[in-house]
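I have placed the structure first, in the form of structure tokens, so that the comments after it can refer back to it.
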Amino acid sequence: MNISEETIDSFLRGDLSGADLEKFNSALAADPKLQQEVSIQRDIVESLKQYRHQQLKNRLNSIEMKPVAVGTFSSAYVKIAASIGVVALLVGGYLFFNKNNAASSISADNTENTAINSEIGNNVTAGAETSTPTEIAATTKPSATENVSNVDATTSSKKSTTSDSKKSSSINEKGSKKSASYSEPSDTEMNEDYSVDKVNDDFSIPTINDGAASISAPQIKVSIVKEKNLGYRFFNNQLFLHGNFSNSTYELYELNNKPSKQLFLYFESNYYELIQGKTKVTSLTPITDKTTLLQLTQLREH
Amino acid sequence: MNDQEILVRLKQGDENTLDLLYKQNYRMMIKLIVKNNGSEEEAKDIYQESLIVLWQKIRDPNFILTSKISTYLYSICLNLWRKELERKKRFSYEIKEEIDIIDMDRDERIKIINKCIQQLGETCRDVLTYYYFDRLSMVEIAEKMGFANSDTSKTKKYKCKKELDLLVKSLYKESDFLD
């Protein structure tokens with residue numbers, strides 16, 4: 001009986017059952033050549049599994065955790081600065097680490113502060129090849145609406161003054177302290193649930209429009225597709241970034257230029273525009289337009 | 001995210017949700033093992049292993065979670081830790097059994113295969129490991145890798161596996177593992 005490679009594959013993946021499995025086993029018993037092939041294939045599959053197991057383990061290992069404590073907020077990852085009607089968003093491997101805290105700190109700021117430009121650094125270590133930054137969802141909190149009038153006061157003048165940034169960075173410190181205490185869980189035992197249910201996957205940031213109070217930021221979820229060439233596509237409200245983002249930081253910025261919002265990617269000292277609605281993988285070419293570049297650089301430096 | 005959402009995402013092979021889960025339960029699980037005479041390093045290792053057990057289990061269509069995820073993780077951790085304690089105990093009493101020659105041969109072969117896996121391109125490695133370890137379907141692999149469709153996944157999987165087979169077999173020949 002002739003056993004195909006596909007059947008060997010199914011057998012090793014554990015997908016054969018019943019009569020198929022019986023047939024396979026009897027063929028195996030009768031055919032030394034097949035036995036050798038299956039033995040080689042088994043080792044290969046086993047090694048692939050081990051490889052992936054180690055990869056996942058490295059991934060988890062690269063998540064920095066404080067010794068038997070939930071990680072405290074580190075302000076290095078979140079920088080909040082006032083700027084011109086712009087919301088910038090950064091995604092990173094460590095974001096998840098702080099996501100809770102970041103979100104809470106920002107919404108805390110939200111009540112006292114106005115234009116917020118959040119930036120979260122991504123420090124993926126070069127060694128850990130598995131720690132890929134990925135997903136962030138950006139939504140607008142209804143509370144942001146309340147602040148819009150406030151926002152206009154600081155932003156419509158289109159002057160992003162240094163005092164503004166200073167103010168907000170001090171607020172940021174306050175915010176970080178707050179969230180540090182927020183994330184301090186009570187000692188947990190089996191049945192205690194450390195506000196796991198409260199964990200919100202959405203990273204809430206206020207979107208600020210130049211003037212108008214209409215806020216309707218779409219949910220943007222980012223997924224990374226490992227690839228050599230830089231590219232992107234939007235699919236199902238998700239942004240797929242193609243490229244090798246394991247070793248450097250990438251940042252996402254949103255510019256609220258009238259009449260519409262534009263999304264930009266900053267990666268390895270280049271800016272790229274991400275056009276929503278591109279559902280096919282589109283390759284990324286650096287922006288050369290000077291005005292846009294200036295705007296983005298200014299934004300990024302804050 | 002509630003448990004249900006976490007489960008759905010883990011099922012889809014979302015590694016970020018795994019990270020999230022890791023962080024959410026870290027404190028509890030580490031404490032559990034440290035309290036049971038483990039070092040923090042051991043605790044971390046056991047906890048990570050438990051998460052990977054869950055990661056794989058969840059792909060089983062017959063898998064139904066009747067408790068909270070944290071409760072389930074807790075029990076896996078405890079089980080793995082008990083096994084580890086037993087292993088340690090045995091180890092201190094007995095001198096390790098002699099490894100027989102056949103095993104040495106196998107170790108050598110596994111080493112060779114690992115070398116070949118390293119030589120594969122990243123895409124190939126991902127496709128193959130997602131297929132065999134994560135047990136993702138071709139459709140899911142296409143989604144995760146950003147392929148056009150499941151046919152692309154299938155072709156890639158086939159080609160990558162062929163490439164790996166050839167690499168392995170040529171190195172086997174060099175080392176006289178093949179007749």
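The values are calculated or read from the model by the stated rules, or taken from the named source; none is laboratory data. These figures come from a predicted structure and were not determined experimentally. Positions of Cβ are generated from backbone atoms using ideal geometry, with glycine treated the same way; all protein chains shown enter the neighbour counts. Note: areas computed on protein heavy atoms with side chains; ligands, DNA, RNA excluded. Shrake-Rupley method; radii C 1.70, N 1.55, O 1.52, S 1.80 Å.
Among the residues of the range A:47-62, at least one is open to solvent by less than 30 Å² (accessible area, probe 1.4 Å), at pLDDT 90 or above and assigned to a loop (DSSP other than H, G, I, E, B). Number of residues in the range B:107-124 that are at the interface with chain A (Cβ under 7 Å from one of its Cβ atoms) and free of Cβ contacts under 8 Å to residues at least 12 places away in the same chain equals 3.
The single condition among (1) under 22 Å from B:C124 (Cβ atoms); (2) open to solvent by 30 Å² or more (accessible area, probe 1.4 Å) that A:S39 does not meet is (1). Hey, can you tell me all the residues within the range A:263-302 that are open to solvent by 60 Å² or more (accessible area, probe 1.4 Å), in contact with a Gly (Cβ under 8 Å, 6 or more places away or on another chain) and either hydroxyl-bearing (S, T, Y) or not in a loop (DSSP other than H, G, I, E, B) (or both)? Answer for the range A:263-302, where residues must be open to solvent by 60 Å² or more (accessible area, probe 1.4 Å), in contact with a Gly (Cβ under 8 Å, 6 or more places away or on another chain) and either hydroxyl-bearing (S, T, Y) or not in a loop (DSSP other than H, G, I, E, B) (or both): just A:S283.
Only one entry of A:V38, A:V68, A:V45 meets the criterion of being more than 24 Å from B:L20 (Cβ to Cβ), over 22 Å from the mean Cα position of the chain (by Cα) and facing chain B (nearest Cβ under 10 Å), and that entry is A:V45. In the range B:24-47, the qualifying residues are those that are crowded, with 21+ Cβ neighbours inside 10 Å and at the interface with chain A (Cβ under 7 Å from one of its Cβ atoms), and the one that is farthest from A:Q50 (Cα to Cα) is B:M28.
A Cβ distance below 6 Å, combined with a sequence gap of six or more or placement on separate chains, defines the contacts here; from the range B:127-141, residues that are at the interface with another protein chain (Cβ under 10 Å from one of its Cβ atoms) reach residues that are open to solvent by less than 30 Å² (accessible area, probe 1.4 Å) and outside any helix (DSSP H, G or I) in the pairs B:Y130/B:L136; B:D134/B:G13.
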